[in-house]
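Visitor: Just dropping this structure here.
The values are calculated or read from the model by the stated rules, or taken from the named source; none is laboratory data. A quick note: this is a predicted structure, and the numbers were derived from the prediction, not measured. When we count neighbours, we look across all protein chains shown, and the Cβ atoms used for this are built from the backbone with ideal geometry, even at glycine. The area values use the complete protein model at the heavy-atom level, side chains included, leaving out ligands, DNA and RNA. Shrake-Rupley method; radii C 1.70, N 1.55, O 1.52, S 1.80 Å.
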Amino acid sequence: MSIAASTSTDKIIVDKSRNHRNKAVSRTVRATRERLQAGSSAPSGFEREMLNLYIGSVLHGAIAVPVLVTLIAAVGVYLSGNLSIVLWAVMTLSAHAVTLVLARKARKKDISAEKVPVWRRRLLLAQVLMGLCWAALVAQDCATCGDVRLGFFVGTALLFALAITAMGTFLLRNALLCTFTPVIAALAFVSLTTGNQTYIGLTGIISLSLLFLVVMTDRMNRANVHILSVQSEKDDLIAELEVAKSMSDEARRRAEEANLAKSRFLASMSHELRTPLNAILGFSEVMSTEVLGPLSNPTYKEYTNDIHRSGEHLLNLINEILDLSRIEAGRYDLNEDAVSLVEIAEDCVGMVQLRARAKNITIHSQFETGMPSVWVDEKSMRQVILNLLSNAVKFTNAGGEITFKCGWTAGGGQYLSIKDNGPGIPEEEIPIVLSAFGQGSIAIKSAEQGTGLGLPIVQAILAKHNGEFILRSKLREGTEAIAILPARRVLESLPPVEDVAAPVRRRKSFA
C-alpha cells in the first residue's frame, strides 16, 4: 500500500523564459567546473604562489643566517686566531643581504605570472652566490688547529648551514642544490689536491647529507603544491556553490513572483469570469424549459441543454481554479465556527447518495457518537468531504462499496476516512494526482474526467486548518483518503453551570 502525505500547496514551476540574463553566470560555472575536472596535474600551476611563500619565508627568517655566520666567525677566530675568517663573514653577510634585497623588491613588485621565471632565476642566482661564500669557508687555513680539528670545525659549520638552508629554501625548487653544489665542488677539489683523509670523509658526509635533504625538500615542496591545489579546489567549489545558490534563489524568486501574479490575477477575476457564465446558464435554462414559449425546432432544445451542461461544467472548473488561486494568493479567509464533524459528514453523504445509487454503490457510514465540536470553517469542510466522496463515487465501479469513517486520532484530534474498492492508483502516480491539474492514468481513461484540482484543494484547505491529508492506494485494491484535524481544533465540552441560590441581602444598619 503506497502512502503519500502532504500539507503544502507550493507547486512552483521554474520560469526559464529569462535565462538570457544568467549567461555570464553560466559561463563562470562552466569554466569553474572544467577547471575542477581538469585538476592541477603540473606543479608549475602554483609557481607564483610557491614563490610568494618562499619570499615570505626568507623575510621572516632573515635573522637565522646572520646569527649562524656570526657564531661560525667567532668560533673560527677563537680556534685559529686568524682574522681572515672575519672577512669571510662580511662577504657571506653581504651575499645574504643581496637575497634579502631581492626578496623585498619582489614583494613590493607584486609578481605577475609572466615574471615568475625571471624572479625565480634571480633568487636562484642569489643562492648560488651564498653557496660560493660557503665554499670559501672550505679554503680557510689554520696552522695551529691541525687538519682534524679544522675539518671538524668546517664540517660542523657546513652541516648547520646545510640544515638551515634546507629549512629556508624548500619552497624554491632546486635552491638547495644550487647553494651547495659549489661547496661539494670545493671539498672535492681540496680532497683531490691534498689527499687529506679528513676532507675526503667530509666530502662524502656533506654529499650524502645534501642528497638526503634534496630528496626531503623535494617531497616537502610537492606536499605544499598539493596543499595549494586542494585549497584552490576548495575555493573553486565554494565559489561554484555560491554561484549556483545565487542562480537557484533568483530562479525561485522569479517563479514565486510569476506564480503569485497568476494567483492574484485569477483571484481578482472572480466576478469577471462568473458574470457571463451566469447569463449563459440562466438564459440556456430558460430556453430549455421553454418559459417564454415553445421552441419550434426540437434540435434547438437539445442544444440549449448541451449549453447548460457545458456552462455548469465550466463554472465548476472556474470555481475550483479560483478557490486554489485564492489559497495560493493568501486571500482564502476562514470563517471559523464550532461545528460537528459528524453532522457535516452525514449531510454530505445524503448529497452524494443519489449519484451512488445510480451506479449501485453502497456507502457504509461508521461514525463515532458523542464527539465534541471542532473549530473549523463549515463551508470549507463540506467542500473537503464532498470532493473526497465525489472522487470515491466517480472512480468506484458499479456495484462497489465505499466506507466512510469518522472518529478520534491517537493524538486527540478527529479524522475522516473515505475508502473505496475501486481500481486504485499506481504508486508512481500518487505525486501526480496530488499536484495541481494532475490526473492519473485511471482518471484519463475514465469517462468521468475531472479537472485535477479536487485533491490539491483538499490538502490546501486542511493545511489552512493546520491539518494533514494522507492518500493511501494500491492498484486493483482501492484507495483511502484520510483528512486529519489536530487536537487544538477540537473544543472541550464543559459541564453545565448549576443554578445557585441568590444570596440573602443584608440590611444596612445606620447605627
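Visitor: Any idea which residue in segment 152-183 is modelled with the lowest pLDDT, counting only those that are surrounded by fewer than 19 Cβ atoms within 10 Å (Cβ to Cβ), β-branched (Val, Ile, Thr) and over 50 Å from the mean Cα position of the chain (by Cα)?
Guide: Going residue by residue through segment 152-183, those that are surrounded by fewer than 19 Cβ atoms within 10 Å (Cβ to Cβ) are 152, 156, 159-160, 163-164, 167, 174, 181.
Next, from what is left, pick out any that are β-branched (Val, Ile, Thr): 156, 164, 181.
Now drop any that are not over 50 Å from the mean Cα position of the chain (by Cα), which leaves 156, 181.
Numbers: Thr156: 87, Thr181: 90.
Top of the filtered list is Thr156.
Visitor: In addition: Of the residues Leu87, Leu59, Leu100, which is of a type outside the set (S, T, N, Q), closer than 30 Å to Leu162 by Cα, at pLDDT 85 or above and open to solvent by 80 Å² or more (accessible area, probe 1.4 Å)?
Guide: Numbers: Leu59 fails: open to solvent by 80 Å² or more (accessible area, probe 1.4 Å); Leu100 fails: open to solvent by 80 Å² or more (accessible area, probe 1.4 Å).
Within the list Leu87, Leu59, Leu100, the selection yields Leu87.
Visitor: Name the single residue that is nearest to Gly56 (Cα to Cα) among those in segment 103-146 being at pLDDT below 90 and of a type in the set (Val, Ile, Thr).
Guide: So the residue we want is Ile111.
Visitor: Considering (1) free of Cβ contacts under 8 Å to residues at least 12 places away in the same chain; (2) assigned to a helix (DSSP H, G or I); (3) among the β-branched types (Val, Ile, Thr); (4) over 30 Å from Leu53 (Cα atoms), say which one Ile238 fails and leave the rest.
Guide: Of (1) free of Cβ contacts under 8 Å to residues at least 12 places away in the same chain; (2) assigned to a helix (DSSP H, G or I); (3) among the β-branched types (Val, Ile, Thr); (4) over 30 Å from Leu53 (Cα atoms), only one is false for Ile238: (4).
Visitor: I've got another one for you. How many residues does segment 337-375 contain that are free of Cβ contacts under 8 Å to residues at least 60 places away in the same chain and either under 39 Å from the mean Cα position of the chain (by Cα) or assigned to a helix (DSSP H, G or I) (or both)? Quick ask: steps written out before the conclusion?
Guide: Within segment 337-375, the first condition is being free of Cβ contacts under 8 Å to residues at least 60 places away in the same chain, and the residues that meet it are 337, 339-340, 343-344, 346-371.
In the following step, the residues that additionally are either under 39 Å from the mean Cα position of the chain (by Cα) or assigned to a helix (DSSP H, G or I) (or both) were identified as 343-344, 346-358.
Summing the residues that are free of Cβ contacts under 8 Å to residues at least 60 places away in the same chain and either under 39 Å from the mean Cα position of the chain (by Cα) or assigned to a helix (DSSP H, G or I) (or both) in segment 337-375 gives 15.
Visitor: Which numbered condition in (1) closer than 30 Å to Asp323 by Cβ; (2) open to solvent by 40 Å² or more (accessible area, probe 1.4 Å); (3) hydrophobic (A, V, I, L, M, F, W, C) is the only one that Met247 fails?
Guide: Failed condition: (1).
Visitor: Going by the structure shown, is Ile425 assigned to a loop (DSSP other than H, G, I, E, B), under 30 Å from Asn360 (Cα atoms), touching a Leu at 6+ places or on another chain (Cβ under 9 Å) and at pLDDT 80 or above?
Guide: Numbers: assigned to a loop (DSSP other than H, G, I, E, B): yes; under 30 Å from Asn360 (Cα atoms): yes; touching a Leu at 6+ places or on another chain (Cβ under 9 Å): yes; at pLDDT 80 or above: yes.
Criteria met by Ile425.
So that you can scan it fast, the table gives a plain yes or no per residue for (1) at pLDDT 85 or above; (2) assigned to a helix (DSSP H, G or I):
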residue: Ala223; (1), (2): yes, yes
residue: Glu233; (1), (2): no, yes
residue: Ser263; (1), (2): no, yes
residue: Leu295; (1), (2): no, no
residue: Thr304; (1), (2): yes, yes
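Visitor: Return only the number of the condition from (1) open to solvent by 40 Å² or more (accessible area, probe 1.4 Å); (2) under 60 Å from the mean Cα position of the chain (by Cα) that Leu192 does not satisfy.
Guide: (2)
Visitor: Does Thr396 count as touching a helix residue (DSSP H, G or I) at 6+ places or on another chain (Cβ under 9 Å), buried (at least 18 other Cβ atoms within 10 Å of the Cβ), modelled with pLDDT under 90 and farther than 23 Å from Ala463 by Cα?
Guide: Yes: the conditions hold for Thr396.
Visitor: I'd like the full set of residues that are of a type in the set (Ser, Thr, Tyr) and either at pLDDT 60 or above or open to solvent by 60 Å² or more (accessible area, probe 1.4 Å) (or both), limited to segment 38-56. Write out each step before concluding.
Guide: Just the residues of segment 38-56 that are of a type in the set (Ser, Thr, Tyr), to begin with: 40-41, 44, 54.
Answer for segment 38-56, where residues must be of a type in the set (Ser, Thr, Tyr) and either at pLDDT 60 or above or open to solvent by 60 Å² or more (accessible area, probe 1.4 Å) (or both): Ser41, Ser44, Tyr54.
Let's see how each residue does on (1) aromatic (Phe, Trp, Tyr); (2) open to solvent by 50 Å² or more (accessible area, probe 1.4 Å); (3) modelled with pLDDT under 85:
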| site | (1), (2), (3) |
| --- | --- |
| Phe469 | yes, no, no |
| Ser473 | no, no, no |
| Ala483 | no, no, no |
| Pro495 | no, yes, yes |
| Glu498 | no, yes, yes |
| Arg505 | no, yes, yes |
| Ala511 | no, yes, yes |
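Visitor: Could you grab the pairs with beta carbons closer than 7 Å, sequence gap of 6+ or different chains, first residue in segment 152-173 and under 15 Å from Ala62 (Cα atoms), second one open to solvent by 10 Å² or more (accessible area, probe 1.4 Å) and outside any helix (DSSP H, G or I)?
Guide: Listed by first residue and then by second, the contacts come to Gly168/Gly61.
Visitor: Here's a follow-up. Please verify whether Ile430 is under 15 Å from Arg472 (Cα atoms), out of contact with any helix residue (DSSP H, G or I) (no Cβ under 7 Å at 6 or more places or on another chain) and either touching a residue at least 12 places away in the same chain (Cβ under 8 Å) or buried (at least 20 other Cβ atoms within 10 Å of the Cβ) (or both), treating the condition exactly as stated. Spell out the reasoning first.
Guide: Numbers: under 15 Å from Arg472 (Cα atoms): yes; out of contact with any helix residue (DSSP H, G or I) (no Cβ under 7 Å at 6 or more places or on another chain): yes; either touching a residue at least 12 places away in the same chain (Cβ under 8 Å) or buried (at least 20 other Cβ atoms within 10 Å of the Cβ) (or both): yes.
Yes; evaluated as a whole, the condition is true for this residue.
Visitor: Would you pick out the residues in segment 309-339 that are closer than 30 Å to Glu492 by Cα and open to solvent by less than 30 Å² (accessible area, probe 1.4 Å)?
Guide: Ile327, Tyr332, Val339
Visitor: Just one of the numbered conditions (1) within 19 Å of Phe180 (Cα to Cα); (2) in contact with an Asp or Glu (Cβ under 8 Å, 6 or more places away or on another chain) is not true of Val116; which one?
Guide: Result: Val116 fails condition (1) only.
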